[in-house]
Amino acid sequence: MGDKAWKKRERNVAKYFNGERNALSGGNSKITRADVIHPRLFIECKLRKVHSVINLWEDTNELAKKENKIPVVTLCQSNRKGSWVVIHSEDLDKIIDERSLAKSSRDS
């Protein structure tokens, strides 16, 4: 019998980050409560039919395509420092490159 969809997604995410799916994530695990065992990252996987933030990302993606740009959605909260960055996994390496360029130009 094949994996349930959420288990397959956890395996895919684990592979993406060179980790290992935590078969007993949550309170049952003696290693970590994360869904993926990784030495530096705490990875939580959520599989849903719909995530509202993904709808926002998709709308942004359509606009970005028209300008030949990479879509990035940032989520901010009042009275809270920093932001959350929503990107597609296929764009992560390109985003890292852009962040490196931004840091190097700021530091020079």
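The values are calculated or read from the model by the stated rules, or taken from the named source; none is laboratory data. It should be emphasised that the depicted structure is a prediction, and the values quoted were computed from it without experimental measurement. All Cβ positions, glycine included, derive from the backbone under ideal geometry; neighbour counts span all protein chains shown.
Tabulated data
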quantity: Residue under evaluation SER108, criteria (1) at pLDDT 95 or above; (2) loosely packed, with under 10 Cβ neighbours inside 10 Å, criterion not met; calculated: (1)
quantity: Residue in the range 74-96 that is on the phi < 0 side of the Ramachandran plot, assigned to a loop (DSSP other than H, G, I, E, B) and basic (Lys, Arg) present; calculated: yes
quantity: Unique match (being at pLDDT 95 or above and touching a helix residue (DSSP H, G or I) at 6+ places or on another chain (Cβ under 7 Å)) among ILE87, ILE54; calculated: ILE87
quantity: Failed condition for SER25, given (1) of a type in the set (S, T, N, Q); (2) in contact with a Lys or Arg (Cβ under 8 Å, 6 or more places away or on another chain); (3) assigned by TED's automatic domain parsing to the domain that holds ASP97; calculated: (3)
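Conditions tested, residue by residue: (1) within 15 Å of the chain's Cα centre (by Cα); (2) within 21 Å of ALA5 (Cα to Cα); (3) at pLDDT below 95; (4) surrounded by 14 or more Cβ atoms within 10 Å (Cβ to Cβ).
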site: GLY19; (1), (2), (3), (4): yes, yes, no, yes
site: LYS30; (1), (2), (3), (4): no, no, yes, no
site: THR60; (1), (2), (3), (4): no, no, no, yes
site: VAL73; (1), (2), (3), (4): yes, no, no, yes
site: ARG80; (1), (2), (3), (4): no, no, no, no
